[in-house]
Amino acid sequence: MANLSKSELDAIHAERTKFFTPQWFGDLFSGRLSPGDTFWAGNYGPALIVVPLLVIVALFTAMAMPGRLGPLFGSVALGAGIYRLLVLTGLVRSIARVSGPKVWRWIGVFWTLFEAVILIWLGLRLFGG
């Protein structure tokens, strides 16, 4: 980030303040973000908030109702899997609209699909059992 002007830094800051807003999620699922932002920020950005909250909720659930974490983790895994399918849709749309080499982009598509399938499978197992 060396040698950036004040206006360039302000533009970067303005762009970053849009992350994780309702409009940003709309752009994410519609494929209007870059493939990199769609994959990295879409797949892993919300986990920066969800995972710590899940740990706290799991701690209190385990203390209040021991042995009842399966449905909690199952429902979160199902939700995360469905969310990944939405990100997958945006990622495919994002890749389709840009030019250039697409090998790593398609690896990202297959990885996101793999994570979605595993999360849904795990969620169904934990929620039901």
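The values are calculated or read from the model by the stated rules, or taken from the named source; none is laboratory data. Please read these numbers as outputs of a predicted model, since none were measured by experiment. Every residue, glycine among them, receives a Cβ derived from its backbone with ideal geometry; neighbour counts consider all protein chains shown. Each accessible area value is taken on the protein alone, full model and side chains, heavy atoms only, with ligands, DNA and RNA left out. Shrake-Rupley method; radii C 1.70, N 1.55, O 1.52, S 1.80 Å.
Bin width 10 Å, origin at 0, all Cα-Cα pairs of the chain: what percent of pairs per bin?
Taking all Cα pairs of the chain, the binned fractions are 12, 33, 30, 17, 7, 1 percent.
What does the extension gain come out to for Ile107 and Ala58, with contour length at 0.36 nm per residue minus their alpha carbon separation?
Answer, rounded to one decimal: 14.4 nm.
Please give the net charge around Asp27, taking every other residue with its beta carbon less than 13 angstrom from that of Asp27, where Lys and Arg add +1 and Asp and Glu add -1.
That sum, taken over residues with Cβ under 13 Å, equals +2.
Top mean-square fluctuation among Pro101, Pro71, Pro35, Gaussian network model of the chain, C-alpha springs under 10 Å?
Evaluated over the chain, the most mobile residue of the options is Pro101.
Loop only by DSSP, 16 or fewer other Cβ within 10 Å of the Cβ. Give me the trypsin sites (Lys or Arg not before Pro) in region 84-129 that pass, ordered by residue number.
Of the trypsin sites (Lys or Arg not before Pro), the ones in loops of region 84-129 whose Cβ has at most 16 other Cβ atoms within 10 Å are Lys102.
Just subtract the alpha-carbon distance of Tyr44 and Thr17 from 0.36 nm times their residue separation and send over the number in nm, one decimal.
8.0 nm
For Trp111, what charge total do you get from the other residues with a beta carbon under 15 Å from its beta carbon, if Lys and Arg give +1 and Asp and Glu give -1?
Result for the local shell: +2.
Picking from Ile118, Ile95, Ile49, which is most flexible by a Gaussian network model of the chain using Cα springs under 10 Å?
Looking only at Ile118, Ile95, Ile49, the largest GNM fluctuation is found for Ile49.
Express the carbon and sulfur contribution to the solvent-accessible surface of the chain as a percent, rounded to the nearest whole number, probe 1.4 angstrom. Spell out each step's value before the answer.
Details: 6200 of 8470 Å².
With neighbouring chains kept in place, the figure for the chain is 73 percent.
Could you tell me which helices of the chain pass both thresholds, a Cα extent of 18 Å or more along their own axis and a mean Kyte-Doolittle hydropathy of at least 1.0, with helices taken as whole DSSP H runs? Walk me through the intermediate numbers first.
Values: long enough: 47-64 (25 Å, 2.81); 69-97 (42 Å, 1.23); 103-128 (38 Å, 1.43).
Taking the DSSP H segments of the chain (at least 18 Å long, mean hydropathy at least 1.0), we get 47-64, 69-97, 103-128.
Pick out which of Ala47, Ala64, Ala80 has the largest mean-square fluctuation in a Gaussian network model of the chain, springs linking Cα atoms closer than 10 Å.
Largest GNM mean-square fluctuation: Ala64.
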